[in-house]
Amino acid sequence: MTDLGLPHVHSGKVRDIYAVGDDRLLMVTSDRISAFDVIMAEPIPDKGRVLTAMSAFWFDQLADIVPGHLLSTDLADLPESAQNVAAEADLVGRVMLTRRADMLPVECIVRGYITGSAWKEYSRAGTMHGTRLPEGLLESARLPEPVFTPSTKADEGHDENISFSAAAELIGEALAAQVRDVALALYQRGADWARERGIIIADTKFELGLADGELVLCDEVLTPDSSRFWPTDAWEPGSTPPSFDKQPVRDLLDGLDWDKTPPPPPLPAKVVAATSRRYIEAYERITGRPFADWPGAGG
Ligand SMILES: Nc1ncnc2c1ncn2[C@@H]1O[C@H](COP(=O)(O)OP(=O)(O)OP(=O)(O)O)[C@@H](O)[C@H]1O
Ligand SMILES: [Mg+2]
């Protein structure tokens, strides 16, 4: 964390969040990486900038579906008192100044492919999120159509899957329907876009909130940290595809006798560099823009 002279609101595994006045937030994305929910000791160079740049790209692309919370990624738009510290702390390119929303107490998960916990449920019970699916789907298969599978937003511990009607009880029927439709439209647009560029977005989590009564897309959007990215050319139903971004780390950890609790094993420099390259490649494929053009890239 950096002392920016701003009230600290929250820190997650990867991001630190500060208040800017009453109605805005500053989200700083670090280079930290987690695997199996454990933060690795070594940062991944440029990862925070990639996630910031990618979210900014998507907020732009998706604005006609729902407005995004992003106001600026420019240090010059921070409160003047924070700008120098931010520059010295290497925050250029990794900040998002956003509108502050009242977050809906629902995680808007959309799945286009069956994997992870959804695959576990299906192989056990033939259902996903409690709803029966066609028989004979293979692991990682593309679903007949994307499905909205909301969950609660647990402050601690694991989020819990909830039905659409449970979501409607939490936020009201009309808003729940709007949120479902928006989440599906966002996923559809993003996944189609990425697929044409060699990346499958298997599933993702959106977070929506209300700002001045308006539904707003918050948090990060369609990044490898909020979604599962797979290389399309390595996708083969019946197996778990490699992670587009984290596979070098996964491969290392799979080969070790580590019990997935802290402290994490050290990441060799080669693995760190390969992972950094994967994040940058994901950004460049999706946006068609050279990452070198992003403020602070390579710094
Ligand atoms: N525009 C916004 N207004 C208010 N809160 C927001 C906004 N955008 C995101 N948030 C909230 O900020 C928090 C971001 O936290 P972050 O993702 O960094 O950590 P976390 O969710 O606690 O843990 P993890 O590291 O596992 O993701 C979330 O609670 C999210 O709902
Ligand atoms: Mg989070």
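The condition of being open to solvent by 70 Å² or more (accessible area, probe 1.4 Å), under 30 Å from PRO7 (Cα atoms) and either at pLDDT below 95 or part of a strand (DSSP E or B) (or both) holds for only one of GLU156, GLU107, GLU145, that being GLU156. With respect to the conditions (1) in contact with a Lys or Arg (Cβ under 9 Å, 6 or more places away or on another chain); (2) farther than 18 Å from ASP203 by Cβ; (3) buried (at least 16 other Cβ atoms within 10 Å of the Cβ), GLY112 falls short on a single one, namely (2). In segment 213-254, what count of residues is obtained for those that are under 16 Å from ASP203 (Cβ atoms), more than 16 Å from ligand 1 (Cβ to nearest atom) and not in a loop (DSSP other than H, G, I, E, B)? So the count comes out to 4.
Across segment 1-36, the qualifying residues are those that are β-branched (Val, Ile, Thr) and free of Cβ contacts under 8 Å to residues at least 24 places away in the same chain, and the one among them that is nearest to ligand 1 (Cβ to nearest atom) is ILE17.
Residue by residue through segment 126-142, note down the ones that are aliphatic (A, V, I, L, M) and part of a strand (DSSP E or B). Within segment 126-142, MET128 is the sole residue that qualifies.
Which residue is most open to solvent (accessible area, probe 1.4 Å), if the candidates are limited to segment 26-46 and must be touching a strand residue (DSSP E or B) at 6+ places or on another chain (Cβ under 8 Å) and under 20 Å from GLU88 (Cα atoms)? For segment 26-46, the residue satisfying everything is ARG32. Return yes or no: is TRP294 more than 16 Å from ligand 2 (Cβ to nearest atom) and either within 20 Å of the chain's Cα centre (by Cα) or at pLDDT below 95 (or both)? Taking the combined requirement at face value, the residue satisfies it.
The values are calculated or read from the model by the stated rules, or taken from the named source; none is laboratory data. Source: prediction; values computed, not measured. Every residue, glycine among them, receives a Cβ derived from its backbone with ideal geometry; neighbour counts consider all protein chains shown. Side chains are part of the model used for accessible areas, which takes the heavy atoms of the whole protein and leaves out ligands, DNA and RNA. Shrake-Rupley method; radii C 1.70, N 1.55, O 1.52, S 1.80 Å.
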